[in-house]
Amino acid sequence: MAKTTDDGAVTEASPVGKPSFEDALGELEGIVQKLERGQLDLESSIAAYERGTELRRWCDTRLGEARMRVEKLTFDKDGEPRDREPFEPS
Amino acid sequence: MASNVHEYTVSELSFALKRTVEDAYGLVRVRGEISGFKRAASGHVYLALKDDKSVLDGVCWRGTASRLAFRPEDGLEVICTGKLTTYPGRSKYQIVIEQMEPAGAGALMALFEERKRRLEAEGLFDPARKRKLPFLPRTIGIVTSPTGSVIRDMLHRLAERFPSHVLLWPVAVQGESAAGQIARAIRGFERVEPRPDLLIVARGGGSIEDLWSFNEEIVARAVADSTIPLISAVGHETDTTLIDHVSDRRAPTPTAAAEMAVPVRNELATGLHALGERQMHAFDRMLTHAARHVEGLARGLGEPRMLLDLATQRLDDLGERLRLRSPLLVLEERRERVDQRMKRIAEIVADRLRHSERSLAAIPEARLAALAERRIADDAKRLEALSKLLESLGHRRVLERGYALVHRTADDTLIASSEAAAGETAMEIEFHDGRLRVEPVREGREPRPRGAKPRPAEKPGEQGRLL
């Protein structure tokens, strides 16, 4: 079972240990700004670059795996959800 | 004739009447204002419906009463559906209410306002309760009708923006059972796997009666209790239902809810790509800068051989300076300096002497003599002046004014008193124009005749009387 955080993102699917796409994007933005300002020494820059690349790859993957999948819940006789089936709006 | 008329017992008649009434009014709808509302301990509800002329008793059995979608209260105009029945034990008739709904929009609005006030007082609409929607939900749970344009439009918009995983919990969105179904779906999604990150409760536009399920308290409470962020999208922009006040975000339409739910994937991809580019360029710049820095440093380092040469030179220099600091050399150096100064002093003295000689030689002989003569004349003049001054201050000027001095003849010292003169035999009086010798006159002796011509400095005795 996938574990979810408060904001609902699946942590398991984030290889860089980021809790959400938004956070990953935010961190990447911060890294790019730091690199652009040239505030980091060379060694930190390399580390930041690697981290940024990792974040970017993860975000790319997340965007790439976007698929529309619509399922309708089905219920048992007590009205409890039992299963689901593909759904096509009529 | 009275005998021709069938004779009933009370019970026979009462039950016959009951049958008649129940047959004739087995299903009626009646509108009236609630009055005397009372919920018994048993759970049954007793009330009366009235209009301006009549009153009709009513009862609502516990099972029905608990299913009422709103809370009846005195003064509310309602439409009740049920059957008429009689109560033979008390000669009464009443309506057994099977369904009750507020009568018309005005009544509903009044009810809505009352409910809204109550829930608001409970704090259910508190902005602090509202949760932030996830930026990019993985699974979206939708509570709506599986048929119609609402679900279709929402799915379409979601697919357009960010294709996602959607779980649909189909419900009736109007009618008596709708509120219960909707509330159950909202609560039920908490237990579904995968648990949605976001819920959307949606319905298309309609009349206030059509949307009424979304004003029901059970729905509002289910939304308030939900731990999953929830967007409500009921009706059109102008319709506000109770669920909109409790939800975390209110969307004006179902399509707008889909837009709130997910970002646009292409925009994210573009932004991400731009970030990637910026990162690469920034890093490249950084590397170029670093490389240039290294190059600069390398230039600064120079050839190793040159470094050695420099060091050697410095060593030589230091060695030389060290040698120069040896004590013997220092002593030698000092002596030399002293010698030099001596020499210099001698030179200066010699120079001065030469200079003075030259100045002297430059003055002509005659001029020297004249200078000397003038100097002598000047001195003589000064001497004369001084003598005059001395004389003017001397006793001679006093003698001219009639005073005289008395000298002892023996040693020419001055006699300044008669006492001093007592023992003297000869004295000389000094006038300004000469001296006169005198002798003092002793007692018993004839003085010398006057008129004798004084002999300066030889007859002091003759002048004695003058003293």
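The values are calculated or read from the model by the stated rules, or taken from the named source; none is laboratory data. From a predicted model like this one, the values you see are computed outputs, not experimental measurements. Reconstructed Cβ throughout: ideal geometry from the backbone, glycine too, with neighbour counts over all protein chains shown.
The table below gives the values:
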{"read-out": "Considering residues of the range B:72-114 that are under 60 Å from the mean Cα position of the chain (by Cα) and among the aliphatic types (A, V, I, L, M) only, the residue nearest to residue B:26 (Cα to Cα)", "value": "B:76"}
{"read-out": "Test: residue in the range B:248-256 that is crowded, with 24+ Cβ neighbours inside 10 Å and either out of contact with any Cys (no Cβ under 7 Å at 6 or more places or on another chain) or at pLDDT 90 or above (or both)", "value": "yes"}
{"read-out": "So residue A:45, is it exposed (fewer than 11 other Cβ atoms within 10 Å of the Cβ) and either on the phi > 0 side of the Ramachandran plot or within 7 Å of chain B (Cβ to nearest Cβ) (or both)", "value": "no"}
{"read-out": "Residues satisfying the stated conditions in the range A:38-52, i.e. in a helix (DSSP H, G or I) and out of contact with any Phe, Trp or Tyr (no Cβ under 6 Å at 6 or more places or on another chain)", "value": "A:42, A:43, A:44, A:45, A:46, A:47, A:48, A:50, A:51, A:52"}
{"read-out": "The range A:63-86: number of residues that are closer than 17 Å to residue B:160 by Cα and either surrounded by 12 or more Cβ atoms within 10 Å (Cβ to Cβ) or of a type in the set (A, V, I, L, M) (or both)", "value": "5"}
{"read-out": "Top-ranked residue in the range B:135-158 [being facing another protein chain (nearest Cβ under 7 Å) and more than 48 Å from the chain's Cα centre (by Cα); ranked as surrounded by the most Cβ atoms within 10 Å (Cβ to Cβ)]", "value": "B:151"}
{"read-out": "Residue that is closer than 27 Å to residue A:63 by Cα and within 14 Å of chain A (Cβ to nearest Cβ), where the choices are B:251, B:269, B:257, B:233", "value": "B:269"}
{"read-out": "Qualifying residues in the range B:222-242 (those that are among the polar types (S, T, N, Q) and farther than 11 Å from residue B:199 by Cα) - the one modelled with the lowest pLDDT", "value": "B:238"}
{"read-out": "Output for the range B:77-131, where each listed residue is aromatic (Phe, Trp, Tyr) and under 20 Å from residue B:174 (Cβ atoms)", "value": "B:112"}
{"read-out": "Filter pass, residue B:175 being surrounded by fewer than 24 Cβ atoms within 10 Å (Cβ to Cβ), of a type outside the set (Ser, Thr, Tyr) and not in a loop (DSSP other than H, G, I, E, B)", "value": "no"}
{"read-out": "Matching entry among A:35, A:73, A:28, A:55 (being at pLDDT 90 or above, part of a helix (DSSP H, G or I) and at the interface with another protein chain (Cβ under 7 Å from one of its Cβ atoms))", "value": "A:28"}
{"read-out": "One residue from B:82, B:26, B:106 being surrounded by fewer than 16 Cβ atoms within 10 Å (Cβ to Cβ) and either closer than 23 Å to residue B:180 by Cα or at pLDDT below 90 (or both)", "value": "B:106"}
{"read-out": "Every residue from the range B:159-172 that is outside any loop (DSSP other than H, G, I, E, B) and either surrounded by 23 or more Cβ atoms within 10 Å (Cβ to Cβ) or not basic (Lys, Arg) (or both)", "value": "B:159, B:160, B:165, B:166, B:167, B:168, B:169, B:170"}
{"read-out": "Scan of the range B:201-232 for residues that are aliphatic (A, V, I, L, M) and over 44 Å from the mean Cα position of the chain (by Cα), ordered by number", "value": "B:201, B:202, B:208, B:211, B:218, B:219, B:220, B:222"}
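The rows are residues; the columns are (1) over 50 Å from the mean Cα position of the chain (by Cα); (2) within 30 Å of residue B:64 (Cα to Cα); (3) facing another protein chain (nearest Cβ under 7 Å).
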{"residue": "B:163", "(1), (2), (3)": "no, no, yes"}
{"residue": "B:167", "(1), (2), (3)": "yes, no, yes"}
{"residue": "B:170", "(1), (2), (3)": "yes, yes, yes"}
{"residue": "B:173", "(1), (2), (3)": "yes, yes, no"}
{"residue": "B:178", "(1), (2), (3)": "yes, yes, no"}
{"residue": "B:183", "(1), (2), (3)": "yes, yes, no"}
{"residue": "B:191", "(1), (2), (3)": "no, yes, no"}
{"residue": "B:196", "(1), (2), (3)": "no, no, no"}
